[in-house]
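Below: the structure, in structure tokens.
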Number of protein chains: 2
Amino acid sequence: MSFGQVPPSANPDPAQPSDAEWKVLNALWRRHPASARELLGLLSAERWAYTTLKTMLDRMQEKGFVRAERRGNVSWYEPLLERKRAQRAAVRDLIARVFEGAAGSLLTHLVDDERLSAAQRKRLSAEIARAEREEARRARG
Amino acid sequence: MSFGQVPPSANPDPAQPSDAEWKVLNALWRRHPASARELLGLLSAERWAYTTLKTMLDRMQEKGFVRAERRGNVSWYEPLLERKRAQRAAVRDLIARVFEGAAGSLLTHLVDDERLSAAQRKRLSAEIARAEREEARRARG
DNA sequence: GGACATCTACTACATTTGTAGTAGTATCCA
DNA sequence: TGGATACTACTACAAATGTAGTAGATGTCC
């Protein structure tokens, strides 16, 4: 089965966040602005040293992933990436790298291999139907 | 919209191939066994020095991603990963990292954001229906 | 059988990533 | 007001990654 290719993107979104950076971003999207101390709490599963997290945040600031605002002695961090956009970039990256540009292969793969539950399939069908209607609406103008 | 969580995998498949390693693997799955020289041809878009590719291959061999068989002066490489499995691991990794374990979010994201063509939607629906039947068959035993 | 091409093995090196320590400074509580 | 705490800025360092050079072994063609 083949769904076809994704058109080559103009600007392939420079620099994906690293693994650890995703963890920080996920925490930040959940709660922000947040101090490093708060984030460390949200990321307690990682068992990072406080300074480890600080280093991450410093670097992410340089990369433009987050920004910090100093209030008194404490820096308050906010994400500069929109979650959806970052996710989209990550998905695109995966499709390019792993599925050689064939977005449909990823979909097929998900449906075939991820053992969706009946409920998930149902929802997915509904989503497709919704997209269908959306498209039709757009087409009518 | 939410589809639910993926169960935490027992062994989270150690070490994903790196970006460059995926390129090599994709070439190898396309054609193997292949010599470094042949692979360099398949990967001409990368404009790698021959020795760069060789280094990649050496490392991938250490990691158990490929194996080499020496015939005469030349090493012939074969992938040791099965493509589907590697893809699955990569998708799982993405879901964990980017969608915090919610496989359904990825699906929703794809359907919503990737602007599937009508044809793609149709195929996907068919895939779902197929999975549906499959599931029913399994259920009947 | 020697000159030339080709391969492999080994080494090199900058960058990124994960992980944290240290030192200096700002805060706060008794 | 001075000591304990907390926070920031800077430094460190190993492993992984991307990229390639060099040298020595091997094969090939006249």
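Shape analysis of the protein assembly as shown places it in the oblate category; the axes a ≥ b ≥ c from the Cα gyration tensor give an a/c of at least 1.5, with a/b not above b/c. Helix A:103-113 and the long axis of chain A differ in direction by around 90°, with both axes built from C-alpha atoms. The residues packed around A:Ser105, meaning those with a beta-carbon under 13 Å from its beta-carbon, carry a net charge of 0 if Lys and Arg are +1 and Asp and Glu are -1. With 22 Å as the limit, write out which pairs from A:Lys23/A:Lys54; B:Lys23/B:Lys54; A:Lys23/A:Lys63; B:Lys23/B:Lys84; A:Lys63/B:Lys63 have Cα-Cα distances beyond it, or answer none. In this structure, A:Lys63/B:Lys63 lie more than 22 Å apart at Cα.
Sequentially through the stretch A:19-33, phi angles give Karplus couplings (6.51, -1.76, 1.60; θ = phi - 60°) of 3, 5, 5, 4, 4, 5, 4, 4, 5, 5, 5, 5, 8, 6, x Hz, Gly and Pro residues having no value and appearing as x. Rounded to the nearest 20 debye, the dipole magnitude of the protein assembly as shown is 520 debye, with +1 charges on Lys and Arg beta carbons, -1 on Asp and Glu beta carbons, and the Cα centre as origin. Computed from the Cβ-Cβ distance with R0 of 25 Å, the FRET efficiency linking B:Ala119 to A:Arg137 stands at 0.85. Annotation for the stretch B:25-100: trypsin sites (Lys or Arg not before Pro) lying in DSSP loop with at most 15 further Cβ atoms inside 10 Å of their Cβ are B:Arg31, B:Arg47, B:Lys63. Have a look at B:Leu28, B:Ala126, A:Ile95 and report the one farthest towards the positive end of the charge dipole of the protein assembly as shown, computed about the Cα centre with Cβ charges (Lys/Arg +1, Asp/Glu -1). Checked the options; the winner is B:Ala126. Backbone amide hydrogens, once placed in the peptide plane, bring B:Ser35 within less than 5 Å of B:Tyr77, excluding anything fewer than 5 places away on its chain.
Between A:Ser18 and B:Arg37, the simple label model (points 7 Å from Cα in the Cβ direction) yields a spacing of 3.9 nm. When the alpha carbon gyration tensor of the stretch B:83-140 is reduced to an equivalent ellipsoid, the three semi-axes, largest first, read 22, 18, 11 Å.
Placing a label point 7 Å from the Cα of B:Arg30 along the Cα-to-Cβ direction, the residues of the stretch B:66-108 whose backbone N falls under 17 Å from that point are B:77-79, B:83-84. Helix A:50-62: angle to the longest alpha-carbon principal axis of chain A, degrees 0 to 90, nearest 10? Helix A:50-62 and the main axis of chain A meet at about 60 degrees. Across identical copies of the chain, B:Arg130 has label-point separations of 2.6 nm, listed in ascending order, with the point defined 7 angstrom from Cα along Cα→Cβ. Chain B holds its axis-closest Cβ, relative to the rotation onto A, at the residue and whole-Å distance B:Leu94, 3.
All of the numbers you see were taken from the coordinates with simple rules; none came from a lab. Because the structure is a prediction, the values reported are computed rather than measured. Cβ sites come from the backbone with ideal geometry, for glycine too, and all protein chains shown count toward neighbours.
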